[in-house]
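J.: Here you go, one structure.
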Amino acid sequence: MPAMLEGLDDVPWESLHHAHGVATSVPAWIRALLSTSPEDRHEALMTLFQTIWHQGTVYDATARAVPFLIELLRDDRTPDRDQLANLVASIAAGSGYLERQLHVDFVREAADEQAKAEGTTLAAKQERERAWVDATRRAAEPSLPLLLPFLDHEEADLRANVARALGHYPARAEELLPPLRAAMERERGGDARQAMQRAILLLTGKKVEVDAEDDAPRDAAEGALRARTRKRRWADLIGAFPVLIACGLFITGHYVAAAVVFILALVCIWLVERRRSVG
């Protein structure tokens with residue numbers, strides 16, 4: 001096991017939960033972020049986006065997973081660091097399910113009934129969720145210096161999610177405000193600029209409307225998927241182009257030329273896959 005993941009199996013995952021159940025699979029998903037297979041890494045990332053962070057919400061397993069994610073993010077050799085930064089930033093800006101949903105009447109009624117069925121109260125469940133959020137924020141705080149460079153990333157979704165994360169750490173305002181303000185000056189508009197403006201207001205103690213970014217964090221996983229798809233599209237086309245030429249030559253009877261081009265296609269595909277395997 002890489003040194004950065006030492007202690008991963010020492011966490012009592014069987015007593016922790018994510019959005020869909022017991023967190024026993026979390027160590028395997030975290031390890032898969034270092035896989036040599038781009039597909040396995042992507043699947044692990046999307047699974048973490050759907051479990052320890054789910055549509056903006058965090059759980060008791062989230063805080064225990066974050067230190068390992070930060071260690072991976074800290075290492076420049078980690079593949080897909082931008083996507084990992086997106087996950088960590090989204091987690092740092094996460095909240096509790098009840099905090100996000102109780103403004104809906106039928107959700108409040110259902111949650112209250114469920115709490116009674118469990119022998120507890122809605123207030124107690126809210127307090128438990130707040131403890132999860134606080135623990136997650138504390139666990140994610142060491143990631144802040146690692147996230148700051150991603151304010152200049154080419155993907156607007158990532159810039160926006162990093163800004164949202166920074167806004168939750170007013171105690172670090174002196175450190176975070178200068179790069180945030182500089183990034184906002186470079187930002188032309190859109191969600192990223194709005195997220196930066198909101199983060200600056202939060203860090204300077206200004207009042208911000210609660211619903212200003214209600215739905216924005218939920219797009220983080222989709223943003224990571226779009227970023228990965230755009231990154232790979234041209235590489236896929238480059239790998240496929242010689243194959244198409246070889247097929248055309250074979251159909252027209254140019255067998256030797258087709259064989260040569262097909263070998264070239266295999267070389268191109270190998271180079272593309274090699275590039276993917278390193279991120």
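J.: Cα gyration tensor of the stretch 1-68, axes a ≥ b ≥ c as square roots of the eigenvalues: rounded (a/c below 1.5), prolate (a/b > b/c) or oblate? Can you show the working numbers first?
T.: Details: a/c = 2.00, a/b = 1.15, b/c = 1.74.
Here the stretch 1-68 falls in the oblate category.
J.: Moving to a separate point now. Excluding same-chain residues fewer than 8 positions from LYS206, which aspartates and glutamates have a Cα within less than 20 Å of its Cα?
T.: Qualifying aspartates and glutamates at Cα under 20 Å: GLU174, GLU175, GLU185, ASP191, ASP214.
J.: Assuming a ≥ b ≥ c are the square roots of the Cα gyration tensor eigenvalues, decide whether the stretch 3-220 counts as rounded (a/c under 1.5), prolate (otherwise, with a/b larger than b/c) or oblate.
T.: Note, shape of the stretch 3-220 comes out oblate.
J.: Suppose every Lys and Arg Cβ carries +1 and every Asp and Glu Cβ carries -1, with no other charges. What dipole size does the stretch 52-103 come out with about its Cα centre, to the nearest 20 debye?
T.: 80
J.: In the neighborhood of LEU146, defined by Cβ-to-Cβ distances under 12 Å, what is the net charge if each Lys or Arg adds +1 and each Asp or Glu adds -1?
T.: Net charge in that neighbourhood comes out at -3.
J.: Using +1 at the C-beta of Lys and Arg and -1 at the C-beta of Asp and Glu, which of TYR169, GLN101, ALA123 has the Cα lying farthest in the positive direction of the dipole of the stretch 88-178?
T.: ALA123
J.: Output the peptides 172-185, 135-148, 48-61 sorted from most to least packed, where packing is the average of other Cβ atoms within 10 Å over each peptide's residues.
T.: Averaged packing, sorted descending, gives the order 48-61, 135-148, 172-185.
J.: For an R0 of 35 angstrom, estimate the FRET efficiency from the Cβ-Cβ distance between ILE263 and ALA3 and round to the nearest 0.05.
T.: My answer for the efficiency is 0.25.
J.: How big is the dipole moment of the stretch 3-220 about its Cα centre under a simple scheme where the beta carbon of each Lys and Arg is +1, that of each Asp and Glu is -1, and everything else is neutral? Debye, nearest 20, please.
T.: 580
Read-outs throughout are calculated quantities, based only on the coordinates presented, and are distinct from any laboratory measurement. Here the structure is a predicted model, which means the values were calculated and not measured. All Cβ positions, even for glycine, are placed from backbone atoms using ideal geometry, and neighbour counts span all protein chains on display.
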